[in-house]
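In what follows, a structure is listed as structure tokens, so that the remarks can point back to it.
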Amino acid sequence: MSVSPVLVTTRITSSTRPVVKRLSTRMSKLTAQGSSLISTMAINDNKAGMEGLNKEKINQIIFEASKGSKFFENEQKKEEQLNQKILEQQILISSLSSAMLFHGLKEADELIEKLKACQDLSHTIVHVDMDAFYAAVEMRDDPRLKDKPMAVGGMSMLSTSNYIARKYGVRAAMPGFIALKLCPNLVLVEPNFTKYTAVSQEIREIFAQYDPNFSPMSLDEAYLDLTEHLIYRRGSSNLCRIFLLRLKTDNSSIVVNDLECTCDLNAVLRPSVINLEELKINSVSSENLQEYLNSLDFSNFNLPKDCQVCNKKLPPFSLKLYDTTVEDAVLEMRNRIEQRTFLTASAGIAPNTMLAKVCSDRNKPNGQFQIHPDVQEIEEFMKNLPIRKISGIGKVTEKLLGSLNISLCSDLYKQRALLYHAFSSLTFQYFMKITLGMGSTSLEKDEERKSLSTERTFAEISDPAQLYEKCAELCQHLAKDLNEEQLMGKTVSLKIKTISFEIKTRSHTLQCYTNDEKIIFNAAKQLLKVEIDSVKQSLLRLRLMGVRMSKLVPQASNQVSIVSLFHQSNRLTSTANRTNTHNFNIQKTDFDEKDFSTSINILEANDPVLESTMTTRHSQKSLFQKTQSPQKKSIESGMKNSIMKFVSKSERCSDKIANNCYVESNIKVENNNNLRNLDCENSSSTSLKLQSNSKSNFSNATMQNVSQATLISSVESKQKTFIRCPVCGQQKFDWPLDQLNQHMDLCLSRKTIKTILQDDKNSNKRGAVQVENDDSLPSVPKRKKTQIAVDSYFK
């Protein structure tokens, strides 16, 4: 992903007009040339395997093959916009005074000192990148392709190419028809993403053994933090670091025989080898252990001859002992990937993700490179590094910086005074971090995913029926991915690209979270219909379509929601009615009486209304005792009646909950002097919002504490965990999740409770609540219009 630089604009004055005229003339000449100077179409030879190419010849072929196409026209338009940006940048720089440049230099130096003070070199980050992944999988499955230039994709777009094809300038994200102009003998293979995903899963299983929290960036690359693994590794035994390797040919490729087992030897045979008594005895000492392993003749040992998985003959192998260093840890991981998938991987080792990404491309294919956590070594490495090698700097930023004579990372430091004035503060800070070799040390976890999407590039489609069919296909893939990831989303987005390369994105937020294919398609179909109808006079001609789901939450079949809690109360009350009990009793298994008492204690503090209402409570053991005063029975009956009326309304939502869609529970704190209502909206989705007034002591920070406490309580542990309610402060050992949620809901709805108590206190002055019969709920007396009733909250 490339960075979008933000330029600082300037006003044209009399002093800058000569400069503007001179620069405009220069830009006009460049545009008039209309040749292969279109920078966004030029070949990028910074990718591995494309060193030493004849760029001028390749760019001319690309130019001639693209000329006259919609793609060419779009690139010309983007080139003109880029030239205009450069013109504005040059005007700004020409207007800078010496004092302004000195100020920029001072600000840059101060920022660099601050960045140096917070530079973190304590992590060991590894970036693993599979070598020409899609192409390598196809060559593995069809050995006839190994010695031919080949690429995965079609005439419209390529996904990747092998290293033979890269020597011709063929690379990923290139149209297939242009690739055939560069390499007439190129073999195009249709992509098989099902197969690539299966292989990627095998690779990820190995990653997880070194870093359970690794961050996958795509099917063929990932970041790992080996900091903790290296600590474990230094204390591990030698046996833990011995792995099996298949024999290789002279060109360092694994020997594969159709009659022999192709399973992962480290999975099917390593346990038997490691358990050999002779190996256990001799592995205690690391001295000359590898020589001993090389001398072993495994035919003399009682080992299986055939694979227990595929029943084929096990191939010959050797044993390798890996050291405790990070270099050997990464080599071990790469070798294990190759032994399992017959594919090679390259890796970069560095103190942060930015450097690790650069290092992984240094010794491709099938190599690794390390930058040690040393400030001087990092600065020396960055000095002669081309800026295009940095992840995030694309063609546009490269040309903008090139207009300032910046081509290397060290040039960023030299021109820091100009960069301070020419770019936004965020972009400038990013550039200064590059000069110091600084990057992120925290890996984004897969569960932190913000969205999930799928998109396809295809030949022109204009028929509405075919467009809807393509949309349905994408929604099917998206729904499958969501279910596999056990995620649900709420906002559906449609992305389209026309044949003129105009990109549009439209979004629609659903009323409930879902991963259902039909619901996703209905939303995406409506968005697509709007675009089709908007061009009724002509046809909507597309070459790309994508569907994305955002606002993701984990799919939890047993999630406890506010509605489910009220349904529990409904069931419990029904049981109480059948036993001829009209008291508002809740079983100990579903609700803790002490919890509610503690909550009421806290609500009473500094509250004269609640305190006067609850004066008789202190003489009793619990609010829910069966032996209660008439006043307390009236209070509880009124509370029960109000809640059960809400339950009857909330049952309308049950169909949505059962239909692969759960209710979103939001707790919002709003500044308002009036009490807010607890509302159950009967629409295509149901949303419960529990709100309080401005007198509440709870804030958004409290709500975050609530979610944190819920998360802590859900962690499974054999040992007892001491859990504290973030609202009232009550503490318990091993507090069950459902009971904690119920307890916090009551704590957070204290204003509702107080209103119930106050209303029932007023109703007692007019008369006690009457119970009609054993099979009906207590009714609330008729209230005055000026009185706030709990029932109104639920309407």
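The values are calculated or read from the model by the stated rules, or taken from the named source; none is laboratory data. These figures come from a predicted structure and were not determined experimentally. With ideal geometry, Cβ positions are generated from the backbone for all residues, glycine too; neighbour counts draw on all protein chains shown. Keep in mind that these areas ignore ligands, DNA and RNA; they rest on the heavy atoms of the full protein, side chains included. Shrake-Rupley method; radii C 1.70, N 1.55, O 1.52, S 1.80 Å.
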Pair list, Cβ under 7 Å, 6 or more apart: segment 175-186 residue part of a loop (DSSP other than H, G, I, E, B), other residue small (Gly, Ala, Ser) and open to solvent by less than 10 Å² (accessible area, probe 1.4 Å): CYS183/ALA165; LEU186/ALA151; LEU186/ALA165; LEU186/ALA179
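For every residue, the table says whether it meets (1) open to solvent by 30 Å² or more (accessible area, probe 1.4 Å); (2) among the hydrophobic types (A, V, I, L, M, F, W, C).
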residue	(1), (2)
SER236	no, no
SER252	yes, no
CYS261	no, yes
LYS280	yes, no
Among the residues of segment 474-485, the number that are open to solvent by 30 Å² or more (accessible area, probe 1.4 Å) and within 24 Å of VAL535 (Cβ to Cβ) is 0
Please work out which one of (1) aliphatic (A, V, I, L, M); (2) over 19 Å from the mean Cα position of the chain (by Cα); (3) surrounded by 15 or more Cβ atoms within 10 Å (Cβ to Cβ); (4) modelled with pLDDT of 90 or more is the condition MET488 fails and give its number. (2)
Single unsatisfied condition, CYS471 versus (1) farther than 30 Å from LEU746 by Cα; (2) open to solvent by 50 Å² or more (accessible area, probe 1.4 Å): (2)
Helices (runs of 4 or more DSSP H) wholly in segment 347-466 with at least 3 residues that are under 30 Å from the mean Cα position of the chain (by Cα) - which ones? 353-360, 395-402, 425-435
VAL547, sole failed condition from (1) in contact with a strand residue (DSSP E or B) (Cβ under 7 Å, 6 or more places away or on another chain); (2) farther than 28 Å from LYS78 by Cα: (2)
Can you tell me which of (1) touching a residue at least 60 places away in the same chain (Cβ under 8 Å); (2) among the hydroxyl-bearing types (Ser, Thr, Tyr); (3) open to solvent by 30 Å² or more (accessible area, probe 1.4 Å) is the one SER407 doesn't meet? (1)
Filter segment 285-303 for residues that are in contact with a helix residue (DSSP H, G or I) (Cβ under 9 Å, 6 or more places away or on another chain) and surrounded by 11 or more Cβ atoms within 10 Å (Cβ to Cβ); the one that is farthest from THR262 (Cα to Cα) is SER286
If you go through segment 424-468 one residue at a time, how many are within 17 Å of GLU110 (Cβ to Cβ) and either open to solvent by 60 Å² or more (accessible area, probe 1.4 Å) or not aliphatic (A, V, I, L, M) (or both)? 8
Flagged pairs (Cβ under 7 angstrom, 6 or more apart or on separate chains; first in segment 53-79, of a type in the set (Gly, Ala, Ser); second modelled with pLDDT of 85 or more and surrounded by fewer than 17 Cβ atoms within 10 Å (Cβ to Cβ)) are ALA65/PHE177
For segment 197-226, how many residues meet the condition of being modelled with pLDDT of 95 or more, surrounded by fewer than 19 Cβ atoms within 10 Å (Cβ to Cβ) and in contact with a strand residue (DSSP E or B) (Cβ under 9 Å, 6 or more places away or on another chain)? 1
